[in-house]
Amino acid sequence: MASQVPSSPHPAGQPVVAAVVVLAAGQGTRMRSSTPKVLHALGGRSLLGHVLAAAAPLAAGTTVVVVGAGRDQVEAHLRDVAPGALAVVQEQQLGSGHAAEVALAAVPDVEGSVLVLNGDSPLLTTRTLAGLVAAHDAAGSVFTVLTAEVDDPTGLGRIVRDDSGAPRAIVEERDATAEQRAIREVNAGVYVANAGTLRRVLAGIGSANAQGEQYLTDALAPLVEGGAPTAAVLADDPDDVLGCNDRRELAERRRTLNDRVLDDLMRAGVTIVDPQTTWVDVTASAEADAVLQPGTQLLGTTTVASGAVVGPDSTLVDCVVEAGASVVRSHCLGAVVGPEASVGPFSYLRPGTRLGRGSKVGAFVETKNADIGEESKVPHLSYVGDASIGRGANIGAATVVVNYDGVTKHRTTIGDHVRIGSDTMLVAPVTIGDGAYTAAGSVITNDVPPGAMGVARGPQRNVAGWVRRRRPGTPAAEAAAAAERRADAPENDAPPNPGAHDDDEGQQTR
Ligand code: UD1
Ligand code: CA
């Protein structure tokens, strides 16, 4: 959620606004949440973050965010995502008009056009905002409202036009007549206004309405009555203007946003096998000829390069997946999966994991702060934390890098072409030299020099006849007796049961 809103330089020819004002002080009662509404997240940003991102390319000199409900949380979030924005406190939530008034009072020097936006419209695009500003300028308007034609206008302010089609008023649903409620053109909660005009008109707005609030929407009617030039501009895509007042709407906006992101990716050449179950944040990306299998989530700053395959059922947060790599049914945070490397199924890569070219993290493996070199393999059931592994090494099944002594984390270094035997405990800090082996089941507490075999386990002892004496009458005892009878039979010249010897070689798994 902390991905900073891009602050692009002012593009040539783009219309100019002196200030952007985002209204974000409302309680968001309908969310029924202890989190302020504008901080609820979808597609990799908060509601507020999306609004700020859409407005950022307009490169306004000043960005004001009106905060109130949950202001400490909202201010902390702003420091993360938009450090240049000015948070202005609206002590009491007396309505959107009051919020805009408080914002403008905090920047008394601002004059010219001001873009005012609700903080809860995450689907707004820069294109729509720039179009509104351009229309405002072209019409010589002092107050321009963005509108949309929707199938279901329930809950939204209606745009009342006169017989000539000119906007006359914005009427909130609660205050609307039955006739006005039938209007399907609604207020998007996005306005461009001349700063001086808006200051003046807001100062005169009362709260004689169903909610007893000072409505920003009430700015339009008195301007029209006074003969000032105003405009109402219909958005091309009605989806752009949809707000978010409760959890159902949040889910719907999230779906719409995701559809847009996936459409862009598919147009750019990414294969998305099942768009219904694939989720990609606006901040994540994938290159042409990447493949996203069903159940994939690319979150945060994740990037997936050409020819890489992610999924099915994988979640990647802030990861880099390089060309030709594959990640199958795994959960990865802050990891770099190198070219041609493979991960999964069922593995967990934690921050600081870096997989070299052609390396492998197989099934049921957890890694953290781990550099795994080119062509090295950790195929099964292992934990590799705070470690670096050279090239071409093989880490046997059930190896654990014991990195934590209960107080401090320590590092483990494993050289090139090392063979770690299955079920080795590498008690950090420890270094395994290039080309060394460890014996299966060893607890390695001392360094193993290059080319040596580290053995650290008890010698095997077979207690003959134990099952016959201690577990008489069990299927095991019967099986053992049968084996002994076969071995004793004169016609049977098979060798006796092997395995009674102890060797010092580590078993490898591949
Ligand atoms: C508002 C509009 C409505 C429009 C709809 C579009 C008003 C009166 N109504 O209705 O015409 O169709 O948006 O989504 O504006 N806020 C403050 N301080 C306050 C009150 C609100 O900062 O005292 C902020 C909220 O955080 C929110 C925005 O203003 O971001 C709009 O408030 P909200 O209560 O969501 O208005 P709606 O009922 O959705
Ligand atoms: Ca709203």
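FYI, it's all coordinate maths here, none of it is from the lab. Owing to the predicted nature of the structure, the values given are computational and were not obtained by experimental measurement. With ideal geometry, Cβ positions are generated from the backbone for all residues, glycine too; neighbour counts draw on all protein chains shown.
For this structure, a couple of remarks:
- Considering only beta bridges that DSSP places wholly inside the chain, some 20 percent are antiparallel.
- The three principal axes of the C-alpha atoms in region 140-198 carry coordinate ranges of 34, 23, 20 Å, sorted with the longest axis first.
- Potential extension, GLU484-ASP447 segment - 0.36 nm per residue separation minus Cα distance: 8.9 nm
- Principal axis extents of the Cα atoms in region 358-417, from largest to smallest and rounded to whole angstrom, are 34, 22, 15.
- Hypothetical label at ASP72: residues of region 31-47 whose amide nitrogen lies under 19 Å (7 Å Cα-Cβ projection): 33-40
- For region 256-369, the relative contact order is 15 percent, taking Cα pairs closer than 8 Å that sit 6 or more residues apart in sequence and dividing their mean separation by the residue count.
- Here SER113, SER388 are placed in order of increasing Cβ neighbour count within 10 Å, fewest first, which gives SER388, SER113.
- Peptides 66-73, 203-210 ranked from most to least packed give 66-73, 203-210, packing being the mean of other C-beta atoms within 10 angstrom over each peptide's residues.
- Whichever lysines have a C-alpha closer than 17 Å to that of LYS368, once near sequence neighbours (fewer than 8 apart) are set aside: LYS360, LYS377, LYS409
- Taken about its Cα centre, the chain carries a charge dipole of about 1360 debye when Lys and Arg each add +1 at the Cβ and Asp and Glu each add -1 at the Cβ.
- The mean sequence distance of close C-alpha pairs (under 8 Å, at least 6 residues apart), as a share of the length of region 78-185, puts its relative contact order at 16 percent.
- At 0.890 mPa s and 25 °C, Stokes diffusion of region 320-407 via Kirkwood alpha-carbon radius, µm² per second: 201
- For the chain: rounded, prolate or oblate by the Cα gyration tensor [a/c cutoff 1.5]: prolate
- Using the Cβ of THR128 as centre and a radius below 11 Å, the other residues enclosed give a net charge of -3, where K and R count +1 and D and E count -1.
- Share of pairwise Cα separations in region 160-252, more than 23 Å, in percent: 30
- Look at HIS77, HIS136, HIS40 and count the other Cβ atoms within 10 Å of each Cβ; fewest to most, that gives HIS40, HIS77, HIS136.
- Neighbour-count ranking [beta-carbon atoms within 10 angstrom, fewest first] of THR271, THR303, THR424: THR271, THR303, THR424
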